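Worksheet: the structure to be examined is printed underneath.
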Amino acid sequence: MVFVLSQSHSAIEDKVGLPYWADRVLEEHSNVGGALPTEPIHDLRISLRRCILIADVMKDLDPGCDWKAMRKSARRTFQRLGTLRDTQVLTEWIEKLGTPGEGSTDTLLGALKKKHEQDRIDARAAIREFDRKQWRSWRRECAKHYRHVVTDRAACESLVLEIWGSVRDLNRRAQRSRSLRAYHRLRVGLKKFRYAVENFLPSMYQGWEPDLKFVQDLLGEIHDLTVFDQLIVKSRGLFEEGAFAAWRAKVEAERSTRLQQYRLKMAGRTSPLRIWREGLPAEKDLRSTGLARLGEWAFFVTPDFSPVRRTARLSLQLYDGLVNCGLIGKDSLIEERFTLHAAALLQEAGRFKKTKAYHKESYRMIRKVSPPPGWTKRDLEFTALVARFHRRALPYPDHQKLRVYELPLRQSLIRLAAILRLADAFQAKPYRAIRRLQVENGPGFLMIRAEGFRDQDPVNSKLSVARRFLEFVFQRSVHILAPGTRMMVPRIVRPAKRSHAA
């Protein structure tokens, strides 16, 4: 697995990313003070929302960092400040749509004033209870993990594409049902997509920001007007029927205008949803980006990932060599190379929870992973099986984990397990200098030339078992040699022919 350092990610913009927004939370928290002015409250919620999104994306990818606790703390403060912010926004709408000094306008402002005082008390408590020391600790710990992910553009594209898929589905439901609740869910999903692009693909965000901001603002105002309408209905008994109907008509007119704007914006071939999708990986690249994302998860759950990457490289060299020799065809029922690569990267995931029999824990953990775009649960099941058999028990065709599949598929999985087992055997101490493997096909035998292997190196038991298993799978002897070493093929002595005289 190679993590590519992209130009746009190697120098992350100063004003995006977890380090920036976590610091902004502390800064805006200081600015709020006891007066609770409107702008600092809004800015603090914006910063918290970004941190919540980043933690939400990272928590499944990186179980080793306490993303859930950070997200929970940020959400608690964000929600407690939200009631005060809603009151402030509703006040702005009343002043915008109402007439100063008019009875119903003053009535609505008076109803909000009482609520505003209670909301301010709750907001002060939230500001006071926010743990700045713990926040700094999370910031230090989690920022390093976040930086590692954003240097892998392919993994970030996979993460953002998954969120785009959920936005597409939410948009379809909202446009089909025309339900205000569905539009609210769409607003939440679109906001998540916007912040994901901003913080994981900042180079893409620069071109997409105008459309993202426009549609998010439209959906935000639709939601605000819906909350305002609910306030009017709740306050119905405070003013005359005519004023009540007039206020609802005003709100409905404003909301309908924005709904129409949104529908027009998102319709047709120029829909931003289409443009955003075109900027993300094509269908043919989804396997690769999904593999990069699985590799990131493996990085965080594997105690020492460097040897694992080396094993993955050697296993692919073996596989490609066997393909070039014509010993592996292209008629397999699965995409063998991707399955092998994923299994090689994820083989030691179980060490996150166990030190003994970790290959079995790897099997269980891989099967629980949510498949990235381009991958399915069945793909991860095959990956888990190959990783499960990279050590210990050999995967014979009648093994209980394999016999549920048809024979050709079992043979493919066994073949991949044999290749991974041999590549993994080169992690033993005498062979760690091996950098490259080349496969040569001979009459009835295979030669594996190992760059860095010395002829005097003993073949330990692990390598010997792996070699014998490969011999069983391909039905030919396997010889491991150093580059340039000539293999001594035993000469076959034929019996002399009898003379006619004899």
FRET efficiency, LYS330 to LYS68 (Cβ-Cβ, R0 35 Å, nearest 0.05): 0.20
Phi to ³J(HN,Hα) by Karplus 6.51 cos²θ - 1.76 cosθ + 1.60 over the stretch 177-183, Hz, x for Gly, Pro: 8, 6, 7, 5, 5, 5, 5
Distance in nm between pseudo-label sites at GLU209 and ARG248 (7 Å out along the Cβ direction from Cα): 4.2
Computed [θ] at 222 nm, deg cm²/dmol, the chain (DSSP H ≥ 4; -39,500 (n - 2.57); rounded to nearest 500): -22500 deg cm²/dmol
Per-residue SASA entry for GLU129, accessible area with 1.4 Å probe, Å² rounded to 10: 120
Carbon/sulfur fraction of accessible area - the chain, other protein chains in place, 1.4 Å, %: 50
Whole-Hz ³J(HN,Hα) from phi, Karplus 6.51 cos²θ - 1.76 cosθ + 1.60, for the stretch 448-463, glycine and proline x: 10, 8, 10, 5, x, 7, 10, 4, 7, 5, x, 8, 6, 5, 5, 5
Inter-label distance for THR376 and GLU102, nm, one decimal - labels placed 7 Å from Cα along Cα-to-Cβ: 6.0
Order of exposure, largest accessible area first, which applies to ILE275, ILE121 with probe 1.4 Å: ILE121, ILE275
For the chain: accessible area per residue (Å², 1.4 Å): 50
Accessible-area value, VAL473, 1.4 Å probe, nucleic acids and ligands omitted, Å²: 40
Heavy atoms of ARG274: accessible area, 1.4 Å probe, square angstrom to 10: 130
LEU481 long-range amide H proximity, modeled H, under 5 Å: ILE448, ARG449, ALA450
Debye-sum result for the chain in log10 I(q)/I(0), which assumes one identical scatterer on each alpha carbon, at q = 0.06 Å⁻¹: -0.42
Cβ-placed point charges (K, R +1; D, E -1), dipole of the chain about Cα centre in debye, nearest 20: 2520
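The values are calculated or read from the model by the stated rules, or taken from the named source; none is laboratory data. Worth saying up front: this structure is predicted, and the values here are computed from it rather than measured. Positions of Cβ are generated from backbone atoms using ideal geometry, with glycine treated the same way; all protein chains shown enter the neighbour counts. We work out accessible area using only protein heavy atoms, side chains counted, and drop any ligands, DNA or RNA first. Shrake-Rupley method; radii C 1.70, N 1.55, O 1.52, S 1.80 Å.
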